[in-house]
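The values are calculated or read from the model by the stated rules, or taken from the named source; none is laboratory data. The structure presented is a predicted model; accordingly, all values stated were derived computationally and were not measured. Cβ placement follows ideal geometry from the backbone for every residue including glycine, while neighbour counts extend to all protein chains displayed.
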Amino acid sequence: MTAEKQAAAAATTSNPAKPMNKEQATKWVICRVCGYIEEATKRDEACPACGYPATVWMDYTPRRIDPKRDKLLDLHLHPIAVHFPIVATTGTFLVPIIALLIPSIATTLFHAVTLAAMILPILAIIGGISGYIGSKLRYKTATAKIPKLKIYLTIAYFILSCIQSYVAFTQGVNTENAWVMIVLGVIGSVMAGRLGKMGSYLFAGRFSPYTAG
Ligand SMILES: [Zn+2]
């Protein structure tokens, strides 16, 4: 994020475009450092999220959102749903490594990782769809730069998960092909990490649309 963008974001939030009733204008404040939103009555206190002193607060007017959308957004479907594929993907490289290191429990671990790899594409789809729905609810378009990148990367991640699933179904994970699963699992985990990072820019923390007003 560039300094200009930050400044632009700050300008948007601190200069309400139209006059609004006082109650609305002073009800909420936002932390300029971390984007935490707090009731205006607590603006004399330090930010409870990042600890910066009370000078970080500025007035904040929540955007008007259709209550139905608001309720759906409040479920946080995507941030919850993505944990499942992330756990499974990281498992597909960590568990085979453990299995290779500890041969006495290798059989059990290979069975577990075979199962995880089999269902991985389904978990990836759930993560992807929940993200797409969230993006539809939150933004006017999913064709902005970051959502678009996320869609492409998710497709690549899904294809990779299908390859892992295919290996699991056709051969099962074992000592001979464990390295295949480990390599694919590492690549998948990097992709999942990138997706998470992009997601955090979209709706958590200081560069979120909430922060930008
Ligand atoms: Zn803060």
Just one listed residue, out of 46, 117, is aliphatic (A, V, I, L, M), farther than 23 Å from residue 198 by Cα and outside any helix (DSSP H, G or I), and it is 46
Within the range 168-203, residues of a type in the set (Val, Ile, Thr) and either more than 22 Å from residue 107 (Cα to Cα) or in contact with a Leu (Cβ under 8 Å, 6 or more places away or on another chain) (or both) come out as 175, 187, 190
Picked from the range 27-36 (must be at pLDDT 85 or above and touching a Phe, Trp or Tyr at 6+ places or on another chain (Cβ under 6 Å)), the residue farthest from the ligand (Cβ to nearest atom) is 28
Tell me yes or no: at least one residue of the range 142-160 is closer than 25 Å to residue 68 by Cα, of a type in the set (A, V, I, L, M) and either in contact with a Pro (Cβ under 6 Å, 6 or more places away or on another chain) or not in a helix (DSSP H, G or I) (or both).
yes
Flagged in the range 160-199 as of a type in the set (Phe, Trp, Tyr) and farther than 24 Å from residue 129 by Cβ, in numbering order, are 179
**Message:** Any residue at all in the range 106-126 that's out of contact with any Ser or Thr (no Cβ under 7 Å at 6 or more places or on another chain), exposed (fewer than 13 other Cβ atoms within 10 Å of the Cβ) and closer than 23 Å to residue 178 by Cβ?
**Reply:** yes
Of 154, 143, the only residue that is under 19 Å from the mean Cα position of the chain (by Cα), exposed (fewer than 12 other Cβ atoms within 10 Å of the Cβ) and farther than 27 Å from residue 34 by Cβ is 143
Checked the range 49-77 for anything part of a loop (DSSP other than H, G, I, E, B), within 16 Å of the ligand (Cβ to nearest atom) and under 26 Å from the mean Cα position of the chain (by Cα); matches are 49, 50, 51, 52
Restricting the range 78-92 to residues that are aliphatic (A, V, I, L, M), touching a helix residue (DSSP H, G or I) at 6+ places or on another chain (Cβ under 6 Å) and not in a loop (DSSP other than H, G, I, E, B), the one surrounded by the most Cβ atoms within 10 Å (Cβ to Cβ) turns out to be 88
